[in-house]
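All remarks here apply to the structure that follows.
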Amino acid sequence: MSEEYQGTRFVTAFQERRPPSHPFVPVLCHWCRVFHERGFAPPYPGGSSGNLSFRVAADAFIITGTAIGLKDNLAADALVEVVDCDFAAGVVTVCGQRQPSSEAMLHALLYRHFPTVGAVFHGHHALITSQAERFGLPVSRVALPYGSIALAEAALTLARRGDFFVLRDHGFVATGVDMAACGALCLDWLRKIQNIHH
């Protein structure tokens, strides 16, 4: 992540102050731990980069919260359910005890436009971002501020070209039918790039 983290760039409206309850919450926490172990969620002061989510209804999804520390041992109270996203007003409505990830609007836009996507994983790994073009991965034209509508729209454009893509000078995004598909994509691309790079 090239930009210093300074919080979310939208207004969070709390519908309920309770942690999300869903049978797939432990699965999301598992993949957060994998992201931590594989270096996809590098730490910054007070938190760690990257955000993972899965769809629970048409436009609703459960996502990692912002500034939750390391992702190696998360509980449900580190997660937030996004129930609505008003892009024009810059308001994200949630159920949870904390603010959602700063990239909640990026996830929301992908779920809204891709009905078959069941999970979105966004991570950071210098090797993947630096070698993406060499491997023919879709890459955004210019670097854009984290948490911005412009970055979310760039992700939407790239998602139309493939299920694994890179936001320039920022990180990678994987989309899939479920969390297992997303996680496998991330690990497969890291393996491919590492094998050629070494």
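No lab work stands behind these numbers, since they all come straight from the coordinates. Keep in mind that this is a model prediction, so the values were computed, not measured. Here Cβ is always computed from backbone atoms with ideal geometry, including for glycine, and neighbour counts include all displayed protein chains.
Helix content alone sets the calculated 222 nm mean residue ellipticity of the chain: runs of n ≥ 4 DSSP H residues at -39500 (n - 2.57) each, divided across all residues, give -9000 deg cm²/dmol. Packing, taken as the mean count of other beta carbons within 10 Å per residue, orders the peptides 142-151, 32-41, 101-110, 17-26 from highest to lowest as 101-110, 32-41, 142-151, 17-26. Sparsely packed loop sites in the stretch 153-188 (the trypsin sites (Lys or Arg not before Pro) outside DSSP H, G, I, E and B with at most 13 other Cβ atoms within 10 Å) comprise Arg160, Arg161. Give the share of C-alpha pairs in each 10 angstrom bin for the chain, from 0 to the last occupied bin, in whole percents, shortest bins first. With 10 Å bins starting at 0, P(r) equals 10, 41, 39, 10, 1. Neighbours of Val34, meaning other residues whose beta-carbon lies under 10 angstrom from its beta-carbon, give a summed charge of +1 when Lys and Arg score +1 and Asp and Glu score -1.
In the Gaussian network model of the chain, springs joining C-alpha atoms below 10 Å, which of Gly50, Gly136, Gly96 carries the largest mean-square fluctuation? Among Gly50, Gly136, Gly96, the largest mean-square fluctuation in the Gaussian network model of the chain belongs to Gly136. Distance between the C-alpha centres of the stretch 16-62 and the stretch 170-192: 14 Å, rounded to the whole angstrom.
Both the radius of gyration and Dmax for the stretch 19-66 are 11.6, 34 Å, in that order, over alpha-carbon atoms.
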